[in-house]
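A quick write-up on the structure given underneath.
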């Protein structure tokens, strides 16, 4: 699989993560994120030897991945804060 194909696969998983976060499917979201992290761990560290066109396509794909990550965080963080507040109320002595 080419580096560009790998990044596009990460983008597909990132888009799935956005959908799952919107549906509040936290277990599925965590599972997809684990798979995405594994795929990212297999990515080449140095892309400088690739043709300029492929590097540009990868850069554009990475920006899309970052946009997806921002969207996921926009859904996850309020729920995380809400869960933290609920858990703090359950702690003895509070």
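Annotations
- If only residues of the stretch 8-54 that are closer than 23 Å to residue 78 by Cα and in a loop (DSSP other than H, G, I, E, B) are counted, the one that is modelled with the lowest pLDDT is 24.
- Looking across the stretch 55-75 at every residue that is more than 11 Å from residue 11 (Cα to Cα) and touching a helix residue (DSSP H, G or I) at 6+ places or on another chain (Cβ under 7 Å), the one that is modelled with the lowest pLDDT is identified as 75.
- Hits in the stretch 9-43 - residues which are in contact (Cβ under 8 Å) with a residue 24 or more places away in the chain, surrounded by 11 or more Cβ atoms within 10 Å (Cβ to Cβ) and farther than 19 Å from residue 70 by Cβ: 9, 39, 43
- Residue 83 being out of contact with any helix residue (DSSP H, G or I) (no Cβ under 9 Å at 6 or more places or on another chain), surrounded by 10 or more Cβ atoms within 10 Å (Cβ to Cβ), in a helix (DSSP H, G or I) and at pLDDT 95 or above: no
The values are calculated or read from the model by the stated rules, or taken from the named source; none is laboratory data. Computed from a predicted structure; not experimentally measured. Using ideal geometry, Cβ is built from the backbone for each residue, glycine included, and neighbour counts are taken over all protein chains shown.
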